[in-house]
1. Let me test this: with uniform point scatterers at the alpha carbons of the protein assembly as shown, what is the Debye-based log₁₀ I(q)/I(0) at q = 0.08, 0.09, 0.14 1/Å?
2. Which value at 222 nm does chain A reach when only helices count, each DSSP H run of 4 or more adding -39,500 (n - 2.57), with the total divided by all residues and rounded to the nearest 500 deg cm²/dmol?
3. Identify all aspartates and glutamates with a Cα-Cα distance to B:Lys118 below 17 Å; exclude those on the same chain that are fewer than 8 residues away in sequence.
4. Based only on Cα atoms, what Rg/Rh ratio does chain A have, Rh being taken as Kirkwood's radius?
5. Output wanted: per-residue J couplings in Hz (rounded whole) for segment A:116-125, from phi through Karplus 6.51 cos²θ - 1.76 cosθ + 1.60, θ = phi - 60°, x for Gly and Pro.
6. Work out the length of the dipole vector of segment B:94-196 about its Cα centre, built from +1 on the beta-carbon of each Lys and Arg and -1 on the beta-carbon of each Asp and Glu, and round it to the nearest 20 debye.
7. Among A:His137, A:His243, which comes first, then next, by fewest other beta-carbon atoms within 10 Å?
8. In which sequence would A:Cys99, A:Cys233 go, from the one with the fewest C-beta neighbours within 10 Å to the one with the most?
Amino acid sequence: MAANPMSQFDVYRIGPEIKVGAFDISFTNASLFMILSTISILLIFNLGSKKNSILPNKIQLLAELSYTFVSKMISDTAGSKAKPYFAFIFSLFMFVLFCNMFGMIPYTFTVTSHIIVTFVLAAFIFIGVTVIGFIKHGFGYLKLFVPSGVPAVLLPLIVVIEIISYLSRPISLSVRLFANMMAGHTMMKVFGGFVISLGIVGGWLPLSFSVALTGLEILVAFLQAYVFAILTCIYLNDALNLHH
Amino acid sequence: MVKKIYFQSIFFSFFFIKEAFAAESGGMPQLNPEFWVSQIFWLILTFGIMYLVLSKLILPKISNNLESRKSQILENIEAAEKQREDSDAKLKEYDEIISKSKLEANSIFNQAREKALKDIGAKREVLDKQIDNEIAEAEKEINALRKNAPDKINKIAIETSSELLQKLIGAEVNNSSISAIVDDLSKRNGDKYYGN
């Protein structure tokens, strides 16, 4: 069972089965790591915002750097109109980042390696952005599907492509994160398995690969959180500043 | 795009593997819907709570901290600028005071010198007058003496010559004849003795 590279993604119940109506909302290892990520985020940022010294200490510096990083990312991609959504994008970025990073600790569970989790986040973003777009521009938001400067002959084709690309946003957003996480962790597990099966003689090559992969995966964990957040900003930018 | 296709192909290949080896292993646990509702529930719960706490409590505090630090730094810079200006103004004032006092000292010095010069002038005038007076008096005395001197000398000459004659001859000689001779002599030699 341990040799199966997919078994690290197993969800299992911790504690008793909890059922609300027909739905099973038992506490699982996924829930545990969601709570761990949430608590670590709240703890770090609470500590980082407690004292306001002119010369910030390390944790305050961390909190403030993250704040300015996300704030700059939002203002660069979505402009000043996106300010009310700062808290949401900040939470999103931090949640995905911490879930990814917790997954890098051996024997832990990666929350974001599950399509259902990333899909719920992406679907929420998709629906939210669409609602914001229609509130801000009314039916004028549909102009998003009609790019300017396109020959009239090509227009029906382009509109269809635009609509498909718009509708596939939640799928691409969720699959990108989930697939990256799953592929990386599977690969690490596979190489780890090679180390064991090749033994003391041939195991060094996959071991060095494994070490390199760990570094790469930490990079990917950060990068995917960043990509997730910045794509959300870009979608939000489409909804707030319609300039197609 | 290539990356996306790559990962999607991995995803679908795992999906097909699951179909093929369903009996042997669990396949992809991600596609097992047993805990989907539980995951959605806990995701919404944890993310919701985190979002609320962050947006209502923590992020405003951080933004406040950043703002207050920014404003404090700006204030400090302003205060420093102000102090610099103040010190510049004070330096100017100080320079002015120094130049003023220099001027004052100069004028006082000049005044004192003038006064001293005046005093000296006045005293000198007084002294000059005194000296002039004294010189004039002395000249007068000298003149008087000079005027009187030939007469006195004549008298002495007459008397001595009469006495001399008396002792030499033993007879009284008429004073008037002697004085006539002396007068004659003194007139002849007067220029030699007195020079005027």
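1. Here the Debye-derived log intensity ratios amount to -0.68, -0.78, -1.34.
2. About -24500 deg cm²/dmol.
3. Within the straight-line limit of under 17 Å, B:Lys118 reaches these aspartates and glutamates: B:Asp128.
4. 1.04
5. Taking θ as phi minus 60°, the curve returns 5, 5, 5, 5, 5, 4, 5, 5, 4, 5 Hz for segment A:116-125.
6. 120 debye
7. By the 10 Å Cβ count, ascending: A:His243, A:His137.
8. Details: A:Cys99 31, A:Cys233 24.
Placing the least packed residue first, the sequence is A:Cys233, A:Cys99.
No value in this document is a laboratory result; all are computed from the given coordinates. What you see is a predicted model, and the numbers here were worked out from it, not measured in a lab. Here the Cβ is made from the backbone with ideal geometry for all residues, glycine too, and neighbour counts use every protein chain on show.
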